[in-house]
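Asker: Structure incoming, see below.
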């Protein structure tokens with residue numbers, strides 16, 4: 001076969017699927033719901049539950065999810081961690097405690113980068129609320145995910161831990177951001193000077209400036225105060241309207 005006849009190789013790569021969030025032996029339905037809410041906020045929808053203490057479904061999860069019902073409805077239940085991650089090629093265990101196992105330790109940001117660069121499915125394990133993952137759970141993972149935390153108070157609740165990891169994942173996704181609002185044009189210097197002069201005249205009429213030897217300092221302080229903000233044209237117009245009202249100017253009816 002000639003080079004011209006040889007089939008071309010595609011250079012495109014399939015994007016990594018979002019990671020699976022695995023809650024290992026979660027205790028409270030409310031915490032499962034809050035974790036689901038955290039997941040959906042950052043674009044994650046696949047939750048797996050390993051031996052939830054109070055069974056599944058749990059009526060307390062729905063209200064705590066605050067609308068993240070799709071995550072709860074599609075949640076799968078497994079008897080063991082091994083079963084829950086059987087189809088995953090990359091397994092991460094979240095923990096802030098030493099578990100007597102030697103594995104690479106990365107931050108949530110580094111884990112998210114690695115997951116996005118992988119082609120196979122990844123899973124992230126989160127332990128029960130009271131004690132976190134056990135050593136045997138961590139042993140099933142290939143990498144430990146942890147965050148720098150106060151050594152005297154290393155306690156994150158389940159939803160907080162999920163948020164930290166899910167947010168780092170979301171930074172590489174095209175999620176919605178708050179709409180940008182067009183800023184008003186900045187005020188010109190002559191507009192600022194007009195406002196400062198107007199205020200100065202009102203203060204003179206009100207006998208504000210005293211004692212005489214302090215007048216230059218007071219005026220400099222007022223000028224500094226009024227020029228610190230990045231005043232827009234509209235803000236200057238509004239403030240001058242306020243000053244006019246204080247000065248007794250009447251609005252036309």
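Asker: Looking at segment 188-207, which of its residues are at pLDDT 85 or above and assigned to a loop (DSSP other than H, G, I, E, B)? Walk me through how you get there before you give the answer.
Answerer: To start, the set of residues in segment 188-207 that are at pLDDT 85 or above comprises 188-205.
Hit for segment 188-207 is 188, nothing else.
Asker: With respect to the numbered conditions (1) surrounded by 21 or more Cβ atoms within 10 Å (Cβ to Cβ); (2) not in a loop (DSSP other than H, G, I, E, B), which one is the sole condition not fulfilled by residue 70?
Answerer: The failed condition is (1).
Asker: Still on this structure: What are the residues in segment 200-223 that are without any contact (Cβ under 8 Å) to a residue 24 or more places away in the chain and closer than 19 Å to residue 188 by Cβ, if any?
Answerer: If the condition is that a residue be without any contact (Cβ under 8 Å) to a residue 24 or more places away in the chain and closer than 19 Å to residue 188 by Cβ, then 200 is the only one that fits.
Asker: Please work out which one of (1) in contact with a strand residue (DSSP E or B) (Cβ under 9 Å, 6 or more places away or on another chain); (2) part of a helix (DSSP H, G or I); (3) surrounded by 15 or more Cβ atoms within 10 Å (Cβ to Cβ) is the condition residue 83 fails and give its number.
Answerer: With (1) in contact with a strand residue (DSSP E or B) (Cβ under 9 Å, 6 or more places away or on another chain); (2) part of a helix (DSSP H, G or I); (3) surrounded by 15 or more Cβ atoms within 10 Å (Cβ to Cβ) applied to residue 83, the lone miss is (3).
Asker: For segment 118-165, give me each residue that is farther than 15 Å from residue 106 by Cα and in a helix (DSSP H, G or I).
Answerer: Correct list: 135, 136, 137, 139, 158, 159, 160, 162, 163.
Asker: Can you confirm whether residue 30 is touching a strand residue (DSSP E or B) at 6+ places or on another chain (Cβ under 6 Å), assigned by TED's automatic domain parsing to the domain that holds residue 146 and at pLDDT 95 or above? First the steps, then the outcome.
Answerer: Numbers: touching a strand residue (DSSP E or B) at 6+ places or on another chain (Cβ under 6 Å): no; assigned by TED's automatic domain parsing to the domain that holds residue 146: yes; at pLDDT 95 or above: yes.
Spelling it out, it is not the case that residue 30 is touching a strand residue (DSSP E or B) at 6+ places or on another chain (Cβ under 6 Å), assigned by TED's automatic domain parsing to the domain that holds residue 146 and at pLDDT 95 or above.
Asker: If you don't mind, another one. Those residues that are under 22 Å from the mean Cα position of the chain (by Cα) and either surrounded by fewer than 19 Cβ atoms within 10 Å (Cβ to Cβ) or in a loop (DSSP other than H, G, I, E, B) (or both), I need them from segment 102-117; list them, please.
Answerer: Here is the first cut: in segment 102-117, the ones under 22 Å from the mean Cα position of the chain (by Cα) are 106-117.
Across segment 102-117, the qualifying residues are 106, 107, 109, 110, 113, 114, 116, 117.
Asker: On to the next question. Return the residue satisfying two criteria in turn: it lies in segment 86-100 and is surrounded by 15 or more Cβ atoms within 10 Å (Cβ to Cβ) and either part of a loop (DSSP other than H, G, I, E, B) or out of contact with any strand residue (DSSP E or B) (no Cβ under 8 Å at 6 or more places or on another chain) (or both), and of such residues it is modelled with the lowest pLDDT. Step through it out loud before you land on a result.
Answerer: To start, the set of residues in segment 86-100 that are surrounded by 15 or more Cβ atoms within 10 Å (Cβ to Cβ) comprises 88, 90-96, 99.
Then drop every residue that is not either part of a loop (DSSP other than H, G, I, E, B) or out of contact with any strand residue (DSSP E or B) (no Cβ under 8 Å at 6 or more places or on another chain) (or both), which leaves 88, 95-96, 99.
Numbers: 88: 95, 95: 89, 96: 79, 99: 63.
In this case the residue turns out to be 99.
The values are calculated or read from the model by the stated rules, or taken from the named source; none is laboratory data. Small disclaimer: the values here were computed from a predicted structure and weren't measured. FYI the Cβ positions are ideal-geometry reconstructions off the backbone, even for glycines, and counts take in every protein chain you see.
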